[in-house]
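The values are calculated or read from the model by the stated rules, or taken from the named source; none is laboratory data. Note that this is a predicted model, so its numbers are computed, not measured. Glycine also receives a Cβ, built like all others from the backbone with ideal geometry; neighbour counts cover every protein chain displayed. These area figures cover heavy atoms from the full protein model, side chains too; ligands, DNA and RNA do not enter into them. Shrake-Rupley method; radii C 1.70, N 1.55, O 1.52, S 1.80 Å.
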Amino acid sequence: MWLILAFMSAAMLGCYDSFKKQALKENAVIPVLFLNTLFSSLIFLPCIVLSCTTTVLDDTIFHTASGGWEMHKYILLKALIVLSSWILGYFGMKHLPLTIVGPINATRPVMVLVGALLFFGERLNVWQWIGVMLAVVSFLMLSRSGKKEGIDFKHDHWIYMIVGAAVMGAISGLYDKYLMAPVENGGVGLDRMMVQSWYNIYQCAMMGAMLMLLWWPKHKETTPFHWSWSILGVSVFLSTADFMYFYSLSLPAAMISIVSMIRRGSVIVSFLFGAWFFHERNLKAKAVDLALVLLGMVFLYIGSR
């Protein structure tokens, strides 16, 4: 079950990346990110209210547990980690082709894997190791593809931002496993809906402060903001993807290293969007990189059965 949820999350995540690229086209980053966090918060706010005031959601997958500062301090840290990743990722994606950003993000599970091996004692079999190695090779090949578009991986600061976003995303993935693992297994044992609902609200508050303090005073001197319905699409697809992701991680047999790797299969969806809707270049070379990522997903799936 957790594998099926992980694959479904990957598909939604690919749509999220594609809508995000469209939302950022000639648009100001900070207000777009603020609205994304606002809409995501509004999606989950009814779950918080209904869970606290009624019994309608009791014994359902949408029930949201309540708790004091002892629990919320962990969620607040989660919000800081994710928001750091998003800020770097949004700025990087705005200035780079989607067919470059997607495969770079696909290396995130390798970082998660190292952390899972070190901190959670997870072990991979031969099939899974082959899948991981294919992902590493695809990243090395991608750097060569990027040079054909004038993107130097060693000196392009937008590339550094995407890599930084991937690193923070990997840290977030490991932290998620820690947050939802049972106390007897060394985790915090938080409710998954509580984590997803409240970290969006905390992020919205943080982005609201950034909007008013950093962007608004100079908004007439920077890239203007314009409304796009793709902004709403970003929140919808992200919330759906994260819901499936957290649900997957909450299941006892779930392995964070495998779930994270499968989620990066979202690159397939975003690659197709980049080719068909954004008409990006150098697709043949990038298709080879994509094929390696896809083959890695197959090996991981076989090894996890």
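Here are the numbers:
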read-out: Those residues of segment 1-55 which are within 13 Å of TYR245 (Cβ to Cβ) and of a type in the set (A, V, I, L, M), in sequence order; value: LEU3, ILE4, LEU5, ALA6, MET8, ALA10, ALA11, MET12, LEU13
read-out: One residue from SER51, SER41 being modelled with pLDDT of 90 or more, in a helix (DSSP H, G or I) and touching a His at 6+ places or on another chain (Cβ under 7 Å); value: SER51
read-out: Residue check, GLU122 surrounded by fewer than 19 Cβ atoms within 10 Å (Cβ to Cβ), farther than 24 Å from VAL259 by Cβ and either modelled with pLDDT under 70 or of a type in the set (D, E, K, R) (or both); value: no
read-out: Helices (runs of 4 or more DSSP H) lying entirely in segment 211-305 (those with 2 or more residues that are at pLDDT 85 or above and surrounded by 23 or more Cβ atoms within 10 Å (Cβ to Cβ)); value: 229-250
read-out: TRP69 crowded, with 19+ Cβ neighbours inside 10 Å and either basic (Lys, Arg) or modelled with pLDDT of 90 or more (or both); value: no
read-out: Selection from segment 18-28 of residues that are of a type outside the set (Phe, Trp, Tyr), open to solvent by 10 Å² or more (accessible area, probe 1.4 Å) and not in a loop (DSSP other than H, G, I, E, B); value: LYS20, LYS21, GLN22
read-out: Residue that is modelled with the highest pLDDT, among those in segment 157-187 that are in a loop (DSSP other than H, G, I, E, B) and open to solvent by 30 Å² or more (accessible area, probe 1.4 Å); value: PRO182
read-out: Yes/no for THR64 being surrounded by 21 or more Cβ atoms within 10 Å (Cβ to Cβ), in a loop (DSSP other than H, G, I, E, B), in contact (Cβ under 8 Å) with a residue 60 or more places away in the chain and on the phi < 0 side of the Ramachandran plot; value: yes
